[in-house]
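The values are calculated or read from the model by the stated rules, or taken from the named source; none is laboratory data. This is a predicted model, so every value here is computed, not measured. Reconstructed Cβ throughout: ideal geometry from the backbone, glycine too, with neighbour counts over all protein chains shown. Accessible surface is based on the protein model in full, side chains and every heavy atom, while ligands, DNA and RNA are left aside. Shrake-Rupley method; radii C 1.70, N 1.55, O 1.52, S 1.80 Å.
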Amino acid sequence: MKASRGYTQSARAESAAATRQRILEATVAAFGQLPEVTLAGVAALAGVSVQTVLRHFGNRDALIAQAASMLADERAAPAGDPAHAIQVLYNQYESRGDANIRLLGKEDTTPHVKHLMDRGRAMHRDWVEQVFAPNISGLAPVAREALIDLLIVATDVYTWKVLRRDRRLSRRSAESRVQQLVERILQ
């Protein structure tokens, strides 16, 4: 009897985790697909009820914060390994880059998108500072800020767009060019 109950609890936990993940993915999708991220819109995209979204996240702000945290976790990379960091970043851009570009086109006319993009820019800056920490530590503040700015540009989603969409380079070629650019910036 206990084995059956343990299995049932395990299956429920797995189902709840899958539902939570589906809701988070729907939230990220809603950023690019819906005029505004609402609980009803996210619920519809996830195929669940609004009550299910609330049960998992409590409120809209907590939901959006968790989705942002998920995006940050996707691009986690160890400090001091630029090649690996660029690969991790391009994993995210390959799956979410086009949606980011669409959102950037809406930020001047849609306040919640502007807020979201500002948050994304701050997240990207934090990522650059963390990943390239060994390369920027010990620099004078002005030199450090300049180097961070250059690394942000080199690893920005627009750089990905220029190489992958506009130039139609393969992912491997695009990553290689960004890696070369980063190496030259760090010299």
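Summarise the accessible area of region 42-150 (1.4 Å probe, protein heavy atoms) by the percent that is carbon and sulfur. Carbon and sulfur: 56 percent of the exposed surface of region 42-150. Only one item in (i) 10.8; (ii) 13.9; (iii) 15.2 matches mean projected area of the Cα convex hull in nm² derived from the coordinates shown, and that item is (ii). Of the peptides 78-90, 138-150, the ranking by mean beta-carbon count within 10 Å, highest at the top, reads 78-90, 138-150. Sorting the segments 12-19, 103-110 by their mean number of nearby beta carbons within 10 angstrom, highest to lowest, gives 103-110, 12-19. Each Lys or Arg adds one and each Asp or Glu takes one away; over the other residues whose Cβ falls under 13 Å from the Cβ of A83, this sums to -1. Counting Lys and Arg as +1 and Asp and Glu as -1, what is the net charge of the other residues whose Cβ lies under 10 Å from the Cβ of L45? That sum, taken over residues with Cβ under 10 Å, equals 0. Based on protein heavy atoms only, the chain ends up with 57 Å² per residue of surface accessible to a 1.4 Å probe.
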